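Chemist: I'd like to ask some things about the structure below.
Derivation of every value follows stated rules applied to the coordinates shown; laboratory data play no part. Values in this document were obtained by computation on a predicted structure and should not be read as measured data. We place every Cβ from the backbone using ideal geometry, glycine too, and count neighbours over all the protein chains shown.
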Amino acid sequence: MNDNGGTAGVSVYNAGMRGAKVTPWLGGTRAASFWRWPGTLKPADVDRLTAHIDFFPTVAEIAGAKLTGEVKAQVEGRSLMPLLRDPKADWPDRVLFTHVGRWPKGAKPADHKYAHCSVRSPGWHLVCDSRDRKKQWQLFGVKGDPGEKTDVAGKHPEVVKELDAAYDRWWDAVQPGLVNEDAIGPKVNPFKELYWKQFGGGPKPPSPEK
């Protein structure tokens, strides 16, 4: 699976898509994946709506791992095996959500509900990228306008209403999972500390007083 674009100021090929990393636009959220299994999978392009959340159930099925009921309850994605076997396989429509997050430590998540977020369905992309964190949806027909140049929210209010309601349900559903909002982390990031132990480096000690 490839990375989702470059950050601002980085010159990368983005297939004409709008935005970059840490934005809710297709240029910051859309990615490709390549699957190779000689003797089992045949070369093909698949244009269905999938996501990173599908990776775990896919490799679990490939490995023959049976998921417990508790694990299944946490899995949001679908196994991609039907599409890997047959790109024209039945794949029910779905709606996916993006929220860049990164609100300030200690801030109320509700105050940032509409800060850099989007809702994606097979044919539409509903985007809110307002700087004042207010709900200001823009709608794009991704099949005819992959560069997201023309906002058609005014022409399709019923689509905006439907996807907006779906976003509300998703937002409410994820709130119980935000268990670390007030957590206080260690003084030293344990991953950095382990890296320094393996490869050297680290913060410089304070200069001795003269």
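Chemist: Could you run the Karplus curve 6.51 cos²θ - 1.76 cosθ + 1.60 with θ = phi - 60° over segment 87-92 and give me ³J(HN,Hα) per residue in whole Hz, x for Gly and Pro?
Modeler: So the J values, rounded to whole Hz, are x, 9, 5, 4, 9, x.
Chemist: How far is the Cα center of segment 109-129 from the Cα center of segment 37-85, in Å?
Modeler: First find each Cα centre; the distance between them is then 26 Å.
Chemist: Further question: Normalised by the residues of the chain, what does the relative contact order come to in percent, with Cα pairs under 8 Å and at least six apart?
Modeler: Computed over the chain, the figure is 14 percent.
Chemist: To continue, here is another question. Rounded to the nearest 500, what is the chain's calculated 222 nm mean residue ellipticity when only DSSP H runs of at least 4 contribute -39500 (n - 2.57) each, over all residues?
Modeler: So the calculated ellipticity at 222 nm is -7000 deg cm²/dmol.
Chemist: Here's something else I'd like to know. Ranked highest first by the average count of other Cβ atoms within 10 Å around their residues, in what order do 153-163, 193-203 fall?
Modeler: Listed from highest to lowest mean packing, they are 153-163, 193-203.
Chemist: Provide the gained length on full extension for the span ASP93 to LYS72, in nm with one decimal, where the gain is 0.36 nm per separating residue minus the Cα-Cα distance.
Modeler: On the way: separation 21, 0.36 × 21 = 7.56 nm, distance 2.01 nm.
Computed gain between ASP93 and LYS72 is 5.6 nm.
Chemist: Relative to the compact globular guide of 2.2 N^0.38 Å, what is the alpha carbon radius of gyration of segment 101-167, as a ratio?
Modeler: Numbers: Rg = 12.7 Å, N = 67, 2.2 N^0.38 = 10.9 Å.
Here the Cα radius of gyration is 1.17 times the empirical estimate.
Chemist: Could you compute how fast segment 1-76 diffuses translationally, taking Rh as the Kirkwood radius over C-alpha pairs and applying Stokes-Einstein at 10 °C with viscosity 1.306 mPa s? Give it in µm² per second.
Modeler: 106
Chemist: For LEU49 and ARG102 in the same chain, what is the full-extension length gain: residue separation times 0.36 nm, less their Cα-Cα distance, in nm?
Modeler: 16.5 nm
Chemist: With the Cα gyration tensor of the chain giving a ≥ b ≥ c as the square roots of its eigenvalues, does the rule (a/c under 1.5 for rounded; else a/b larger than b/c for prolate; else oblate) give rounded, prolate or oblate?
Modeler: oblate
Chemist: How much length is gained if the chain between ARG36 and ALA153 is pulled fully straight, taking 0.36 nm per residue apart and subtracting their Cα-Cα distance, in nm to one decimal?
Modeler: Contour length minus Cα-Cα distance gives 38.2 nm.
Chemist: Taking amide hydrogens as modeled 1.01 Å from N in the peptide plane, which residues meet the under 5 Å criterion relative to TRP124, leaving out close sequence neighbours?
Modeler: VAL142
Chemist: Sorting check: for 117-129, 24-36, which peptide has the highest mean count of neighbouring beta carbons within 10 Å, and how do the rest follow?
Modeler: In descending order of packing, they fall as 117-129, 24-36.
Chemist: I need the phi-derived Karplus couplings for segment 117-132: 6.51 cos²θ - 1.76 cosθ + 1.60, θ = phi - 60°, integer Hz, Gly and Pro marked x.
Modeler: Coupling constants for segment 117-132: 9, 7, 10, 10, 10, x, x, 10, 9, 9, 10, 10, 10, 6, 6, 8 Hz.
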